[in-house]
Amino acid sequence: METLIKVEHLSCGYSQKAIVNDVSFSVQAGEVACLIGPNGVGKTTLFKTMLGLLNPISGQISYFDKPLHSYASKEFAKKVAYVPQSHVPPFPFSVRDIVVMGRNPHINELSQPSAEDYEKADEALTLMGISHLAAQDYTEVSGGERQLAIIARALTQDTKLLLMDEPTAYLDFGNTSRVHQEVEKLSDMGYTIVMITHQPDHVFRYGDKVFALGRDSKFVEGVPEEVLSEELLTELYNIPIELKTVQLREDNRSIKVCIPLS
Amino acid sequence: MGNTAAQPNNARWRLRELILLIAIPVIVFIIALSVGRYPVSIDSLFSALQAHLSGQEMDASQLALIRVRLPRVLLAMIVGASLSVSGAAFQGLFKNPVVSPDLLGASSGASFGAALAILIGSGLIGIQFSSFAMGLVVVILVATMNKFVSKRANSVLTLILCGILVSSLFNAFVSLIKAVADTDTKLPAITFWLMGGLSATTLDDLKVVFLFVPTIILLLAIRWKINLLAMGDEEAHMLGVNTRLYRWIIIGCATLLTSMSVSISGNVGWVGLVVPHLARMLVGSNYIKLLPATLIFGASFLLFVDTLARMLFTVEVPLSIITAIIGAPFFFYLMLRSKKGFGA
């Protein structure tokens, strides 16, 4: 299987002070990889380093067998789409204006989006189920809808690989589930996804692979079913945890859930 | 899928918007040319223009119109367009709807640069260049200060406060230069430059178009990227934008337009803040439409203000007085109207 991301002996942090120490992992085509860990262990630092926004202290990162540092930003944006946590920009752009920004790597420096680019944006909006919001102000739609729009924007970049920074941050229960449903749909369509998440339940449900980052430079990777044990989760989050397998009434499917005991 | 067809594309021009963007400047232009101490009827306006273009003999009133009023009208439009477009560009670049060339200190930096160059006895080119360079220095200084301060408390207000701080510093430097300048030669030259005003313009002053047109064309060509930059540097970078390059192009062009305006008409406040908002009310926030609309409204607005300045009293009123009288209350109205408020 094709290796899309390869991280070798990576240490990263700010001003030469390593927060994440000597981690190695890879992501294969078609996988959903989840990055979990408690607050403050450097998930975001690792993510920003993987995106090229921070320079690594040591180690290598490569995408599609090419080192990250040798990519120009436009070239990288054609290969890898970043889905940030949605935020409200200072100007009320329309949802479609925001989504079409994803076409930037395919648009010449002195040009503007063409009718075709707007078509791509509308297709992505339709795929995310929010085509009815196209002309509305991005600043006025709900947080969940904003996040779906940001995912739609990433889709217009025409990449195989999506890097999502906690796509369900600040979302309510329903919107969280809605966004995860769309992420699952994208995975079924063949996208390779790496995302930060805070809920072990979601890792069991959607993840093919998990990277767990803990205190004191602890790093564990593997298949969620195999490596995410009660012991590891208890150690990561510093609370007693029980894992249960429950069977859904709806389709008799078994899923693993994580219950905090404190 | 049928839904998307029903959603109009906000990035395309609507008929109503196009009509306003053509009608407003044309009407203001005709009024500005025809009213004044020597009123000109629309008929003779056209015959004078025709005579000028075909090189025919003109009578005294036609000459006054072409040699005096027309250059003034065109310069007013250039100044208005420059200040407004640079305001809109700065607002997008700094992700801040309440900045303008004057609040960012670009204008006072440009004034200081001009005063300094006059003091050390530079020629015209030297004065222009020094004005542009100091405007640039101030904008970069304010942006850098904001970067440090906003690490602790990020708010649209920190940038404004840094701007006010640096502006007042550079205004003080200008006063210092005036205090030490030779009162017979240098001081009048500095005062004349800084006060500006459009009352003594000639056809010769229109040379600034050679600076104005290319700068505006460059900004218009990259206007869509301002949308992306307004999402934040990291996001724009991840979308494949060369953020450093575009930041320099935008700051350079906007500051050049500002320093050019200061050299023509002195320090005219409010235009760069108010006009982009006026344009947003009509065409929305997307820079694809916003920048051209700002250009046209800015030109029309300052032409309107300059016409008032000529007409209101028997003596000419400085432009900055009228822009403040219109701008300040209008801006308060915008603050009341904005849903989220401008703070935080």
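Conditions (1) within 22 Å of B:Gly135 (Cβ to Cβ); (2) crowded, with 16+ Cβ neighbours inside 10 Å; (3) away from every other protein chain (no Cβ under 14 Å), marked per residue:
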| residue | (1), (2), (3) |
| --- | --- |
| B:Thr202 | no, no, yes |
| B:Lys207 | yes, no, yes |
| B:Leu211 | yes, yes, yes |
| B:Pro214 | yes, no, no |
| B:Ile217 | yes, no, no |
| B:Glu235 | no, yes, no |
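With the requirement that a residue be open to solvent by 10 Å² or more (accessible area, probe 1.4 Å) and touching a helix residue (DSSP H, G or I) at 6+ places or on another chain (Cβ under 6 Å), what does the stretch B:300-316 give you? Break it down stepwise before answering.
First, the residues of the stretch B:300-316 that are open to solvent by 10 Å² or more (accessible area, probe 1.4 Å): B:301, B:304, B:307-308, B:310-316.
Those that are open to solvent by 10 Å² or more (accessible area, probe 1.4 Å) and touching a helix residue (DSSP H, G or I) at 6+ places or on another chain (Cβ under 6 Å): B:Phe301, B:Phe304, B:Thr307, B:Leu308, B:Glu316.
Given the conditions (1) touching a helix residue (DSSP H, G or I) at 6+ places or on another chain (Cβ under 7 Å); (2) open to solvent by 30 Å² or more (accessible area, probe 1.4 Å); (3) not aliphatic (A, V, I, L, M), which single one is not true for B:Phe148?
(1)
Return yes or no: is B:Ile222 surrounded by fewer than 18 Cβ atoms within 10 Å (Cβ to Cβ) and within 14 Å of chain A (Cβ to nearest Cβ)?
no
Of all residues being within 25 Å of B:Val241 (Cα to Cα) and part of a strand (DSSP E or B) in the stretch A:13-52, which is most open to solvent (accessible area, probe 1.4 Å)? Just the residue, please.
Here the answer is A:Tyr14.
Please tell me if B:Ile325 is without any contact (Cβ under 8 Å) to a residue 40 or more places away in the chain, in a helix (DSSP H, G or I) and away from chain A (no Cβ under 14 Å). Explain how you work it out, then say what you get.
Details: without any contact (Cβ under 8 Å) to a residue 40 or more places away in the chain: yes; in a helix (DSSP H, G or I): yes; away from chain A (no Cβ under 14 Å): yes.
Spelling it out, B:Ile325 is indeed without any contact (Cβ under 8 Å) to a residue 40 or more places away in the chain, in a helix (DSSP H, G or I) and away from chain A (no Cβ under 14 Å).
Residues are listed down the side, and each one gets a yes or a no for (1) within 17 Å of the chain's Cα centre (by Cα); (2) more than 17 Å from B:Arg247 (Cα to Cα); (3) within 14 Å of another protein chain (Cβ to nearest Cβ):
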site: B:Val79; (1), (2), (3): yes, yes, no
site: B:Ser82; (1), (2), (3): yes, yes, no
site: B:Leu93; (1), (2), (3): yes, no, yes
site: B:Ser111; (1), (2), (3): yes, yes, no
site: B:Ala114; (1), (2), (3): no, yes, no
site: B:Ala117; (1), (2), (3): no, yes, no
site: B:Ile125; (1), (2), (3): no, yes, no
site: B:Val139; (1), (2), (3): yes, no, no
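Which of the residues spanning the stretch A:104-122 are closer than 15 Å to A:Ala154 by Cβ and facing another protein chain (nearest Cβ under 9 Å)?
A:Asn104, A:Pro105, A:His106
Being within 14 Å of chain A (Cβ to nearest Cβ) and not small (Gly, Ala, Ser): is that true of B:Arg37 here?
no
Residue by residue, here is whether (1) open to solvent by less than 20 Å² (accessible area, probe 1.4 Å); (2) at pLDDT 95 or above; (3) among the polar types (S, T, N, Q) holds:
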site: B:Ser84; (1), (2), (3): yes, yes, yes
site: B:Gln91; (1), (2), (3): yes, yes, yes
site: B:Gly121; (1), (2), (3): no, no, no
site: B:Met134; (1), (2), (3): no, yes, no
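Is it true that B:Ala11 is crowded, with 16+ Cβ neighbours inside 10 Å and part of a helix (DSSP H, G or I)?
no
Could we say that B:Met260 is touching a strand residue (DSSP E or B) at 6+ places or on another chain (Cβ under 7 Å) and either at pLDDT below 95 or within 14 Å of another protein chain (Cβ to nearest Cβ) (or both) here?
On the way: touching a strand residue (DSSP E or B) at 6+ places or on another chain (Cβ under 7 Å): no; either at pLDDT below 95 or within 14 Å of another protein chain (Cβ to nearest Cβ) (or both): yes.
So B:Met260 does not fit the description; no.
Can you tell me how many residues in the stretch B:38-61 are open to solvent by less than 40 Å² (accessible area, probe 1.4 Å) and over 30 Å from the mean Cα position of the chain (by Cα)?
1
Only one of these is within 30 Å of B:Thr307 (Cβ to Cβ), hydroxyl-bearing (Ser, Thr, Tyr), open to solvent by less than 10 Å² (accessible area, probe 1.4 Å) and away from chain A (no Cβ under 14 Å): B:Ser100, B:Ser167. Name it.
B:Ser100
Take B:Leu245 and decide whether it is open to solvent by less than 20 Å² (accessible area, probe 1.4 Å), assigned to a helix (DSSP H, G or I) and either over 20 Å from B:Ala133 (Cβ atoms) or without any contact (Cβ under 8 Å) to a residue 40 or more places away in the chain (or both).
It is false that B:Leu245 is open to solvent by less than 20 Å² (accessible area, probe 1.4 Å), assigned to a helix (DSSP H, G or I) and either over 20 Å from B:Ala133 (Cβ atoms) or without any contact (Cβ under 8 Å) to a residue 40 or more places away in the chain (or both).
The values are calculated or read from the model by the stated rules, or taken from the named source; none is laboratory data. Because the structure is a prediction, the values reported are computed rather than measured. Every residue, glycine among them, receives a Cβ derived from its backbone with ideal geometry; neighbour counts consider all protein chains shown. Surface accessibility is based on the protein's heavy atoms, side chains included, excluding ligands, DNA and RNA. Shrake-Rupley method; radii C 1.70, N 1.55, O 1.52, S 1.80 Å.
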